[in-house]
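The values are calculated or read from the model by the stated rules, or taken from the named source; none is laboratory data. Note that the structure is predicted; figures quoted are calculated from it, not measured. In this analysis, Cβ positions are derived from the backbone assuming ideal geometry, glycine residues included, and neighbour counts consider all displayed protein chains. All accessible areas refer to the heavy atoms of the entire protein, side chains included, with ligands and DNA or RNA removed. Shrake-Rupley method; radii C 1.70, N 1.55, O 1.52, S 1.80 Å.
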Amino acid sequence: MSWESVLGHDRVRQQFATAIANDRLASTFLFLGLSGIGKRTFALKLAQTLLCPRAADFHPCGTCPSCRQVLAGEHPDLEYLCRIPDRNQIIMEQLIGEKGERDGFCHAIAQKPFYGGRKVAILDDADDLRHEGANALLKTLEEPPPNSIIILIGTAEQRQLPTIRSRCQIVRFAPLSWEEVQQILLLKDLVSPPDMAERLARSSGGSVQNALHLFGEEVLDFRTQWLEHLAAGKASDETLIKSLQSFVERAGKDATPKRRRLIEVAAWTAEYFRHALAVLAHGRPSVEMQQSPDQELVRLAVSGATHWQGTLESMAVALDRCLLIESQVMANTHTVTLIESWLLELNQAAHARASHYPSLAAISPLAYR
Ligand SMILES: [Zn+2]
């Protein structure tokens with residue numbers, strides 16, 4: 001069992017292999033990148049490699065007791081911590097134990113390695129560390145125990161607290177290729193048949209998690225309809241508002257899946273406006289868009305830029321508005337009200353006038369190749 005089970009991220013793997021070969025491995029890392037691209041899988045494989053006494057050429061043997069314990073999640077020298085599902089942050093007790101006890105993640109790292117080799121500690125969901133928790137971790141990050149490797153896993157750099165960021169070596173993970181996403185969906189039996197996996201993978205932005213959120217004809221079809229409406233300049237259409245509200249409602253009984261679904265729609269919309277803005281600014285799709293696996297999104301963004309009656313600046317405002325949705329949802333803004341105000345603002349942006357910004361007529365015809 002080697003690194004074959006980790007798809008993508010060859011560059012990062014090479015960096016670690018070189019650092020280990022040169023005996024220059026740092027001890028605290030912050031893994032950053034989109035959710036659902038395999039950062040945790042990579043961290044666990046790295047842990048298995050570092051802990052395997054028979055590892056050769058940066059490959060764990062896969063059969064020794066240490067390798068088997070890592071795979072079973074039972075290795076005494078591997079600590080793993082993530083946010084408890086119904087909490088919105090990593091809680092203090094997870095880091096330093098109950099009051100008066102010597103327990104928790106920080107205490108576990110400080111213990112001597114059971115097998116006498118290394119200790120590896122992985123803290124997932126680093127986005128959900130708050131100041132108090134980060135403070136509890138600082139001393140450990142500043143002076144990690146000898147032979148210990150600490151890996152924090154988060155998404156965007158701006159979601160990490162500066163005190164954490166400055167004490168870790170940042171390792172950036174790129175999105176997977178659509179082919180890799182398709183391969184994972186099929187290999188893990190998450191989706192079938194292959195053409196469905198391909199359609200999902202192409203629209204996933206390189207994340208298996210995104211692909212799974214799109215799974216089910218309903219979601220993928222809603223995405224297409226939704227973006228078609230936007231591209232046709234119908235953001236304030238009553239039917240569009242209603243169909244989005246009912247789509248969000250159908251996500252589940254509780255507030256959490258509904259919120260997640262609205263954040264997802266906002267993310268698609270932001271991606272759509274990001275592409276449309278590039279077309280509006282340059283008169284044609286960027287090279288990135290021409291090479292994008294999601295040609296449906298590209299086609300709609302080009303069409304949306306063609307029909308846009310606002311200005312370049314107002315489209316940037318529309319994009320910005322979409323990027324704010326997640327924080328508003330997380331701040332518990334009522335989703336029905338939020339959808340109404342969001343779409344109203346998108347509609348205002350679509351009809352904004354300002355003579356000092358280039359009109360669409362000045363940059364058309366749009367050359368799309
Ligand atoms: Zn082994």
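Computed 3J(HN,Hα) for segment 306-317, one whole-Hz value per residue from the Karplus formula 6.51 cos²θ - 1.76 cosθ + 1.60 where θ = phi - 60°, is 5, 8, 5, 9, x, 10, 4, 5, 5, 6, 4, 5, glycine and proline marked x.
Working out 0.36 nm times the residue gap between Lys234 and Met92, then minus their Cα-Cα distance, what length gain in nm do you get to one decimal?
On the way: separation 142, 0.36 × 142 = 51.12 nm, distance 4.74 nm.
Full extension from Lys234 to Met92 adds 46.4 nm.
For segment 216-363, with all protein chains present and a 1.4 Å probe, just round the carbon and sulfur fraction of the accessible area to a whole percent. Don't skip to the end; give the middle numbers.
Numbers: 3920 of 7230 Å².
Percent of accessible area from carbon and sulfur atoms in segment 216-363: 54.
Listed peptides 107-120, 27-40 appear in the order 27-40, 107-120 once ranked by packing, highest mean of other Cβ atoms within 10 Å at the front. Mean separation of Cα pairs under 8 Å and 6 or more residues apart, divided by the residue count, gives the chain a relative contact order of 15 percent. Less than 5 angstrom separates the built amide H of Lys119 from those of Ser148, Ile149, all sequence-distant by 5 or more or on a different chain. How far is helix 10-21 tilted, in degrees, relative to the longest principal axis of the Cα atoms in the chain, given as a value from 0 to 90 rounded to the nearest 10? Taking the Cα atoms of the chain, the angle to 10-21 is about 20 degrees.
Each Cα pair under 8 Å and six or more residues apart adds its sequence gap; the mean of these over the residue count of segment 3-172 is a relative contact order of 30 percent. Under the simplified labelling scheme, the Asp23-Ile170 pair shows an inter-label distance of 3.1 nm, with each label point 7 Å from Cα along Cα→Cβ.
For the chain, the longest principal axis of the alpha carbon atoms and the long axis of helix 255-282 meet at an angle near 60°.
For segment 3-172, compute the orientation-averaged projected area of the C-alpha convex hull (one quarter of its surface), in nm².
On the way: hull surface 38.9 nm².
That works out to 9.7 nm².
On a 0 to 90° scale, report how tilted helix 217-231 is relative to the longest principal axis of the chain, with both axes built from alpha carbons and the result rounded to the nearest 10. That helix lies at roughly 50 degrees to the long axis.
Computed over segment 216-363, the alpha-carbon pair-distance distribution with 5 angstrom bins reads 2, 10, 20, 23, 20, 14, 8, 3, 1, 0, each value a whole percent.
D for the chain, whole µm²/s, Stokes-Einstein with Kirkwood Rh over alpha-carbon pairs at 37 °C and 0.692 mPa s: what number? Can you show the working numbers first?
On the way: Rh = 22.9 Å.
Diffusion coefficient, whole number: 143 µm²/s.
Once the Cα-Cα distance is subtracted from the 0.36 nm per residue extended length, the Gln291 to Asp57 segment shows a gain of 80.7 nm. Remark: the Arg260-Ile84 segment gains 61.6 nm on full extension, using 0.36 nm per residue and subtracting the alpha carbon distance. So, R0 is 56 Å and r is the distance between the beta-carbons of Glu218 and Lys112; what FRET efficiency does that work out to, to 0.05? FRET efficiency, Glu218 to Lys112: 0.55.
With each label modelled as a point 7 angstrom along the Cα→C-beta vector, the Arg159-His351 pair spans 3.6 nm. Karplus-based coupling profile of segment 102-118, in residue order and whole Hz: 9, 8, x, 4, 5, 5, 4, 5, 6, 5, 5, x, 4, 8, x, x, 9, with θ = phi - 60° in 6.51 cos²θ - 1.76 cosθ + 1.60 and x standing for Gly or Pro. A simple spin-label model places the labels of Arg102 and Lys242 6.6 nm from each other, with each point 7 Å out along Cα-to-Cβ. Per-residue 3J(HN,Hα) values for segment 205-211, derived from phi via the Karplus relation 6.51 cos²θ - 1.76 cosθ + 1.60 with θ = phi - 60°, read x, x, 10, 5, 4, 4, 4 Hz in sequence order (x marks Gly and Pro).
If packing is taken as the mean number of other Cβ atoms within 10 Å per residue, what is the order of 73-86, 271-284, highest first?
Sorting 73-86, 271-284 by mean packing, highest first, produces 271-284, 73-86.
Database remark: amide H of Tyr80 closer than 5 angstrom to the amide H of Ile122 (H placed geometrically; neighbours at sequence offset of 5 or more, or on other chains; Pro and chain starts carry no H).
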